[in-house]
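Note sheet for the following structure.
The values are calculated or read from the model by the stated rules, or taken from the named source; none is laboratory data. These numbers were taken from a predicted model, which means no experiment stands behind them. Cβ atoms come from the backbone with ideal geometry, glycine included; neighbour counts cover every protein chain shown. Remember, those area values only see protein heavy atoms, side chains included, never the ligands or the DNA or RNA. Shrake-Rupley method; radii C 1.70, N 1.55, O 1.52, S 1.80 Å.
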Amino acid sequence: MEYPGNLFVVAAPSGAGKSSLVKALLELDSKLAVSISHTSRAPRGQEQHGREYWFITPDEFRAMAGRGDFFEWAEVHGNLYGTSRSAIEARMAAGEDVVLEIDFQGALQIKQLFPYAVLIFILPPSWEELQQRLNRRGDTAPEVIAQRMANARVEVAQAQSFDYVVVNAVFETALFDLKAIVHAQRLKYVTQRRNRSAVFRALDLP
Ligand code: 5GP
């Protein structure tokens, strides 16, 4: 499938800082829109239906999956998550840049559907630092943290299938790296030809 907009997919193990980085990136870049996923998990804390996620029941989720409403979906930490077609199709068709903040299984499915999607993996600087960040969150039971660390080993092993890797040791540096990836993507020939068509025409560029 070909769309005029760029599609960025960001994955990371829990605790690597993905959500904070994507949030900061979106605040800096008004031309980027994040896709709101559907999930079968219950809202946490201040989360709102239609803001962080579309919260639905497992039965509703399976019905949507059965109808083919998702570009991709996966089970992550025992809950179902999916990117609905309606969440991104219109934006991408309008030429807008879209960010998907999803797990590695979803990211690899998206790459199959959209080979031009830009896959970005966020790594923690070390296992020790990841463990400390998960401990510092304070809202998670020790057995949940142990499970996340075990999952993280599986997830991190997938980084080699991604186009870019950002190591989140220093937040500002990682954010700068993310911005650089988005910026470079917008400077690709095909994107420039679309966005700077007058220049290309004037220079007789195909
Ligand atoms: P959380 O429940 O902590 O918000 O998210 C758990 C994991 O599910 C995170 O890695 C998050 O990126 C991932 N996730 C969120 N939405 C989607 C989605 O639509 N598809 C897939 N495959 N993973 C998702």
Once phi is turned into θ = phi - 60°, what whole-Hz ³J(HN,Hα) does the Karplus curve with 6.51, -1.76 and 1.60 give for every residue of region 9-18, x standing for Gly and Pro? 10, 10, 10, 5, x, 4, x, 7, x, 4
Residue-normalised 222 nm signal for the chain, counting each DSSP H run of n ≥ 4 as -39,500 (n - 2.57), nearest 500 deg cm²/dmol, is -14000 deg cm²/dmol
For the chain, longest principal axis from Cα atoms; helix 171-186 axis from its Cα atoms; angle between them, nearest 10 degrees, is 30
Read phi for every residue in region 93-108 and hand back ³J(HN,Hα) as whole Hz from Karplus 6.51 cos²θ - 1.76 cosθ + 1.60, θ = phi - 60°, with x for Gly and Pro. 5, 7, x, 7, 8, 10, 10, 10, 10, 9, 7, 5, 5, x, 4, 5
Spacing of the two label points (7 Å from each Cα toward its C-beta) at Q132 and Q160, in nm: 2.9
Taking 22 Å as R0, compute the FRET efficiency from the Cβ-Cβ separation of V144 and T57 and round it to 0.05. 0.45
In nm, what is the difference between 0.36 nm times the number of residues separating A180 and E27 and their Cα-Cα distance? 53.6 nm
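What's the extension gain from E75 to Y116 if we count 0.36 nm per residue and subtract their Cα-Cα distance?
Working: separation 41, 0.36 × 41 = 14.76 nm, distance 2.45 nm.
Computed gain between E75 and Y116 is 12.3 nm.
Determine the equivalent ellipsoid of region 1-128 by diagonalising the alpha-carbon gyration tensor, then write out the semi-axes as square roots of 5 times the eigenvalues, largest first, rounded to whole Å. All intermediate terms of the calculation are to be shown ahead of the outcome.
Working: eigenvalues 82, 79, 45 Å².
So the equivalent ellipsoid measures 20, 20, 15 Å along its semi-axes.
In whole percent, what relative contact order does region 1-89 give with Cα contacts below 8 Å and a gap of six or more residues?
Values: 87 pairs, mean separation 21.4, N = 89.
Once normalised by length, the contact order is 24 percent.
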Which value, in debye to the nearest 20, gives the size of the charge dipole of region 1-102 about its Cα centre, when Lys and Arg are +1 and Asp and Glu are -1 at the Cβ? 180
Where the centroid of each part is defined by its Cα atoms, how far is region 65-120 from region 174-206 in Å? 24
With a/c under 1.5 counting as rounded, go ahead and sort region 134-206 into rounded, prolate or oblate using the C-alpha gyration tensor (a ≥ b ≥ c being the square roots of the eigenvalues; past the cut-off, prolate if a/b is larger than b/c, else oblate). prolate
For S37, which sequence-distant residues (separation of 5 or more, or a different chain) have an amide H within less than 5 Å of its own amide H, given hydrogens modelled in the peptide plane? W54
Which net charge results for the neighbourhood of R133, defined as the other residues with beta-carbon distances under 12 angstrom from its beta-carbon, given Lys and Arg at +1 and Asp and Glu at -1? +2
Extreme residue, positive dipole direction of region 105-199, given options A159, A184, I120 (C-beta unit charges): A184
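Please report, as a whole percent, how much of the solvent-accessible surface of the chain comes from carbon and sulfur atoms (probe radius 1.4 Å).
On the way: 5880 of 11080 Å².
Exposed carbon and sulfur together represent 53 percent of the surface.
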